[in-house]
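Worksheet for the structure shown next.
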Amino acid sequence: MNAVPARTPVIVHEGVLELDQPLPLHFGGELKDVRVAWRLVGNPAAPVIAALGGISAGRAVVDTPNEKGWWSDIIGPGRALDSSGYRILGIDFVGGSGGSTGPRSGQNDFPSIASQDQAELLRRVLVHLNLGSLEAIVGASYGGMVALAFAERFPDLVKRIVVISAAHRSHPMSTAWRSVQRAVVRYAAQNGQGAEGLRLARALAMATYRSPAEFEQRFAGPATRVDGRFQFPVESYLLSRGDAYAAAYIPEAFVCLSESIDLHQVDPAKIRVPTWLVAVIEDQLVPLSDMRMLRQSVSGPVQLAEFSSLYGHDAFLKETQALHEVFTRALSTTGDLK
């Protein structure tokens, strides 16, 4: 009988960078006592890719012996982004609910945070870890915005960026949806029900993440009576997702990073590093027209990949084959950028 080969042990290196001086913020003012939680997973001799996701994502990108990574269906040995030849760097965003500095529960005076501030803190983590330049930043949703801000400000520190479902600005319709979500959370918090407000805001957000076609397939069934009133299948789904989110995240942190998305703006003409853009045709939050506009405006080599997905904005969590093709081309040494 042939022996089963032993699995290569996962090498995890993590810690918290504590700034010894206040951080000057992009929109003015400063943030004191800044902490940035980070994690590096993989061979210490391999090139480093920073993987950044949505406002709910953090440093736990890939699976480790003690924790499942939020992007582990996409990034890992033999997966869409094969981590066998890379180290993967993840950070907890400042202003969020993770191990980095963020608002306390009930705090309403935490400063506004820009994607440029997140980029600056990523740069400081690189310096802290003596990593030099990154092989790539792979960013999706809010993480894609941070990747664009990093490429604009620190082109010598990254060889290429891969930006999935993120543009140079927030579309006004997307800002409209998120503004209502933040208003719900703020109103509820003022009345001592911040968690309930976050539950409802997340439920509304979930309706924008996926495509109408997916909801038609999954939730077209009839309503049922629950506690004396009708409840629709899609309603049950959205509220259950809201319950799960409210149990794990701080309402004030959601408001902070949701606002950061809508404040995001970079000048594509200042982005000169090789850039791979990925657009999902059914994405309600980042319209295809914005991604095409970004492609036309980036100064450096750029390519836009477009594909269709029932998952809409959430495709970056689900579409393994489409992303495998993008990552394979984007991370090759030749790359066919134009």
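The values are calculated or read from the model by the stated rules, or taken from the named source; none is laboratory data. What you see is a predicted model; the values in this text were computed from it and never measured. Glycine also receives a Cβ, built like all others from the backbone with ideal geometry; neighbour counts cover every protein chain displayed. Calculation scope for accessible area: heavy atoms of the full protein, side chains included, ligands and nucleic acids excluded. Shrake-Rupley method; radii C 1.70, N 1.55, O 1.52, S 1.80 Å.
Among PHE154, PHE232, what's the order by accessible area (1.4 angstrom probe), most exposed first?
Numbers: PHE154 30, PHE232 115 Å².
In descending accessible area the options line up as PHE232, PHE154.
What is the local net charge at ALA269, summed over the other residues whose Cβ is closer than 14 Å to its Cβ (Lys, Arg +1; Asp, Glu -1)? If you can, show how the numbers build up before the last one.
Details: positive: ARG153, ARG169, LYS270, ARG272, ARG295; negative: GLU152, ASP267.
Net charge around ALA269: +3.
Residue-wise, which Karplus ³J(HN,Hα) couplings in Hz belong to the stretch 303-309, taking 6.51 cos²θ - 1.76 cosθ + 1.60, θ = phi - 60°, and x for glycine or proline?
Running phi through 6.51 cos²θ - 1.76 cosθ + 1.60 with θ = phi - 60° gives 9, 10, 9, 10, 8, 9, 8 Hz.
Any idea what log10 I(q)/I(0) is at q = 0.08, 0.10 Å⁻¹ for the chain, Debye with uniform C-alpha scatterers and no solvent?
Reported log10 I(q)/I(0), two decimals: -0.38, -0.59.
To the nearest 10 square angstrom, what accessible area does GLU18 show with a 1.4 Å probe?
So the heavy atoms of GLU18 present about 120 Å² to solvent.
At 10 °C and 1.306 mPa s, what whole-number value in µm²/s does Stokes-Einstein give for the translational diffusion of the stretch 33-98, with Rh from the Kirkwood sum over Cα pairs?
The calculation lands on 132 µm²/s.
Please give the contour-minus-distance gain from GLN217 to LEU129: 0.36 nm per residue of separation, less the Cα-Cα distance, rounded to one decimal in nm.
Details: separation 88, 0.36 × 88 = 31.68 nm, distance 4.71 nm.
Once the chain is fully extended between GLN217 and LEU129, it gains 27.0 nm.
Hand me the trypsin sites (Lys or Arg not before Pro) from the stretch 23-108 located in a DSSP loop with no more than 15 other Cβ atoms within 10 Å, in residue order please.
Loop-located and lightly packed - LYS32, LYS68, ARG104.
If you filter the stretch 181-232 for trypsin sites (Lys or Arg not before Pro), then keep DSSP loop positions with at most 15 other Cβ within 10 Å, what is left? List each step's numbers first, then the result.
On the way: sites: ARG182, ARG186, ARG199, ARG202, ARG210, ARG218, ARG225, ARG229; in loops: ARG210.
Nothing satisfies the criteria.
On full extension of the chain, what length is gained from THR64 through SER179, given 0.36 nm per residue of separation minus the C-alpha to C-alpha distance? All intermediate terms of the calculation are to be shown ahead of the outcome.
Working: separation 115, 0.36 × 115 = 41.40 nm, distance 3.60 nm.
Residue separation times 0.36 nm, minus the Cα-Cα distance, leaves 37.8 nm.
Any idea of ASP73's accessible area? Nearest 10 Å², probe 1.4 Å.
ASP73 exposes around 100 Å² with every protein chain in place.
For the stretch 293-329 and the stretch 209-250, write down the distance between their C-alpha centroids in whole Å.
Measuring centre to centre over Cα atoms gives 28 Å.
Considering amide H positions built from the backbone, and no H for Pro or chain starts, which residues 5 or more places from LEU285, or on another chain, come under 5 Å of its amide H?
Placed amide hydrogens put HIS313 under 5 Å from LEU285.
Across the chain, how many lysine pairs, 8 or more apart or on two chains, come within less than 25 Å at their alpha-carbon atoms? All intermediate terms of the calculation are to be shown ahead of the outcome.
Numbers: LYS68/LYS318; LYS159/LYS270; LYS159/LYS338; LYS270/LYS338.
Lysine pairs satisfying the spacing and distance rule in the chain number 4.
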